[in-house]
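First the structure, in the form of structure tokens, and then the observations on it.
The values are calculated or read from the model by the stated rules, or taken from the named source; none is laboratory data. Here the structure is a predicted model, which is why all the values come from computation and not from measurement. Here the Cβ positions follow ideal geometry from the backbone for every residue, glycine too, while neighbour counts run over all protein chains shown. For the accessible areas, the whole protein counts, side chains as well, though only heavy atoms, and no ligand, DNA or RNA atoms are used. Shrake-Rupley method; radii C 1.70, N 1.55, O 1.52, S 1.80 Å.
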Amino acid sequence: MSYQVLARKWRPRFFREMVGQEHVLKALINALDHNRLHQAYLFTGTRGVGKTTIARILAKCLNCEVGVSSEPCGQCSACQEINNGSFVDLIEIDAASHTGVDNMRAITDNAQYTPSKGRYKVYLIDEVHMLTTHSFNALLKTLEEPPEHAKFLLATTDPQKLPATVLSRCLQFHLKNMAPERIVSHLQYILERENVPGEEAALWSLARAAQGSMRDALSLTDQAIAFGQGQVLAADVSAMLGSIDQQTVYRLAGALIAHDAVQLLAIVADSSELSPDYAAILDALLYLLHRMTIAQLAPQAIDNSEGDREQVQQLAASVTADELQLFYQMGLLGKRDLHLAPDLRTGLEMALLRMLAFRPSAMAEPVAGIGLAATEPAPAKKPEAAGAVAPAAAAPAGESPASPLTTSAAGEPAGFPAAGTADGQLPMAENHQDWLDLFSRLPLAGFLQAVAGECVLLSRAGDCWNFALDRSRVQLYNDRHAAQLGEVLAAFYGRPVRVNVVDQASELPTPAAFYQARKEARHQSALAALQQDETVQYFIEQYQAQIVPDSVTPLEKESEA
């Protein structure tokens, strides 16, 4: 017996076998069970969502020898012939190849004759939007007042092209695209009964590639089975689709969060050996950034596709919401301009590099410094401010500002210790104030930085550091983070360090809170200094200018003292 493709072998024969489209099935089932049948039905939706399948099941329900109902027997000659495509009273017409008015007139003339075998003569016109205007006109009268024994089932992927006169004569049902979750579940069901081993990650890749079409998903699964010699594996599917492994996308996101341009380019270079679809890589990254945003704003709504929920949550916890939105926006712009690049790889690399290059200065200055050596502490710096002024009109010709629009801002948050400096060999932190100063010098990044930023130093006994961490603030903390923080401290001081972390709330300011308050205080001080500047006051008084608060950024310059 010849091989039958999955899309045909697993085509539903009853309404109960349909996947999705419950809003359509409920209406049809109720109409059939209560004998409230219309003369014409219009099924719309994208390819492969079940339009023709539902129409054929409906034809079976109308002509089953047991009687009209939503549950045909499936055993009588009418049901069997409809399944085989040989039922004489089910007339299937491809409108794409029968566009002429003469073809439509032949159909309407034939509709007047009673069925040869069944209860109803059912006309299934697929891709009905392909008919010409004259063909629609020839169909209108019969469509509005057909014989009692005739039913018209119309299907189209483009209902906008149908005349309003046709739409008004039909009951319209719009079939929705299949959600990836539904497609994956159905593919698992089919592979189990086909005794074909498959990986869930591969099924998710197939579901996304199908873009809402169950038929496309089954066709791709057929191809994947052949490609994988009888099994559906994630690596094989990625190679078949020209996509990349999902772990590569996670690595790209991690390099973005770590602001590591070298690592970004290295990941793209590694991927280029597989001749990937670079546009698909950018799409996959945008999809991940979208899920990370959901993890930040609505954690309970994040899905567990491919079993990666925890990994997505960890990535989301290691980046600010503002920066995440910037990455996403720059990715969209890069996707828009991708075809303008000299080649697609260059376009992808530039999109990734722009995500780093165009970060606002507030984002570009992480709380924890990177690569500061313990023996070479950063010099003391004096904060200054620069702000933008939005005048209502330009200054008159010949007039110029009396002084530059920069001024110093030395504000510090009340109640917090000032960050000090150390010389020579940095002393070990003895208390929490020392820890606040030390935090900015440690080479921390990513999620470890976020965890350490919420830690409060309780005590230190020799090389044992005891911290308190409110776990409700960092829900993804685990014991590895304590060990990692100990390794960072040990490398920083050049001696062994052991870190203990207890789950305990504290009234002391965490490093994250301290530096955020310090940043806000410096901003307010810089804004106040700018408002007192004579030139700024001149523009405000003469031209009704306004200071844009968000444009005021404290600057740091080395002290001249």
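Of all residues in the range 160-185, which are open to solvent by 70 Å² or more (accessible area, probe 1.4 Å) and in a loop (DSSP other than H, G, I, E, B)?
S168, K176, N177
List pairs: first residue in the range 169-186 and under 24 Å from Y41 (Cβ atoms), second residue acidic (D, E) anywhere in the structure, Cβ distance under 9 angstrom, at least six positions apart or on different chains.
Sorted first by the residue in the range 169-186, then by its partner, the pairs are R169/E144.
Tell me which residues, restricted to the range 508-523, are within 13 Å of V456 (Cα to Cα) and either aromatic (F, W, Y) or at pLDDT below 85 (or both).
F514
Of all residues in the range 48-70, which are within 19 Å of L175 (Cα to Cα) and part of a helix (DSSP H, G or I)?
Scanning the range 48-70 gives K51, T52, T53, I54, A55, R56, I57, L58, A59.
So, in the range 12-47, how many residues would count as being in contact with an Asp or Glu (Cβ under 9 Å, 6 or more places away or on another chain) and assigned to a loop (DSSP other than H, G, I, E, B)?
Total meeting the criteria: 3.
Suppose we keep only residues that are over 14 Å from Y123 (Cβ atoms) and touching a Leu at 6+ places or on another chain (Cβ under 8 Å) within the range 137-159. Which one would you say is least open to solvent (accessible area, probe 1.4 Å)?
T156
Give me the residue from the range 289-328 that is outside any helix (DSSP H, G or I) and among the hydrophobic types (A, V, I, L, M, F, W, C) and, out of that set, nearest to A450 (Cα to Cα).
Selected residue: V319.
Can you find a residue in the range 486-505 that is surrounded by fewer than 17 Cβ atoms within 10 Å (Cβ to Cβ), of a type in the set (S, T, N, Q) and touching an Asp or Glu at 6+ places or on another chain (Cβ under 8 Å)?
yes
In the range 467-502, what count of residues is obtained for those that are of a type in the set (D, E) and modelled with pLDDT of 90 or more?
Qualifying residue count for the region: 1.
Please enumerate the residues belonging to the range 180-216 that are at pLDDT 90 or above and of a type in the set (F, W, Y).
Y189
Considering the range 456-466 alone, what residues qualify as being over 11 Å from N500 (Cα atoms) and either at pLDDT 90 or above or β-branched (V, I, T) (or both)?
V456
Only one of these is touching a residue at least 24 places away in the same chain (Cβ under 8 Å) and either open to solvent by 40 Å² or more (accessible area, probe 1.4 Å) or at positive phi (or both): P509, P443. Name it.
Step by step, each of P509, P443 is checked, and only P443 is touching a residue at least 24 places away in the same chain (Cβ under 8 Å) and either open to solvent by 40 Å² or more (accessible area, probe 1.4 Å) or at positive phi (or both).
Exactly one of (1) modelled with pLDDT under 80; (2) among the small types (G, A, S); (3) assigned to a helix (DSSP H, G or I) is unmet by A561. Its number?
(3)
Any residue in the range 497-507 that is in a strand (DSSP E or B), over 38 Å from the mean Cα position of the chain (by Cα) and not aromatic (F, W, Y)?
yes
Name the residues in the range 27-59 that are without any contact (Cβ under 8 Å) to a residue 12 or more places away in the chain and surrounded by 12 or more Cβ atoms within 10 Å (Cβ to Cβ), would you?
Once the filter is applied, which keeps residues that are without any contact (Cβ under 8 Å) to a residue 12 or more places away in the chain and surrounded by 12 or more Cβ atoms within 10 Å (Cβ to Cβ), the range 27-59 yields only A31.
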